[in-house]
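Step one of this worksheet: look at the structure below.
Every read-out reported here was derived from the displayed coordinates using simple, explicitly stated rules and does not represent laboratory data. None of the values given here were measured: they were computed from a predicted structure. Every residue, glycine among them, receives a Cβ derived from its backbone with ideal geometry; neighbour counts consider all protein chains shown.
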Amino acid sequence: MARLISKNGYLLTLMFPLTKYGDRTPPNVSAVEDYHKVLDPYFDKVYQDDNPVSTANRKGYEAIGLWKLKSTPTSN
């Protein structure tokens, strides 16, 4: 993903479906920490919050994240 972003660029993410209260029921659920594991080596988190325009049935299961590309990636 980092190779697709221009120098000093940003990545906007809609994190969905997120787990709630530690529930890891399949399929395809993730936690905010999962996004950090993948993105932190290449991006700095600038902003993260619950999606302010979430529909009622998705409230608490999605978040918005804004990440800035690091000038030098870090290794895991």
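Condition first: in a helix (DSSP H, G or I) and within 19 Å of residue 7 (Cα to Cα). Now tell me which residues in segment 28-41 satisfy that. Talk me through it step by step, then tell me what you get.
Initial filter on segment 28-41 (in a helix (DSSP H, G or I)): 32-39.
Passing the criteria: 38, 39.
I'm trying to understand the selection: among the residues of segment 42-76, which are within 13 Å of residue 12 (Cα to Cα), without any contact (Cβ under 8 Å) to a residue 40 or more places away in the chain and not in a loop (DSSP other than H, G, I, E, B)?
Across segment 42-76, the qualifying residues are 44, 45, 46, 47, 48, 49.
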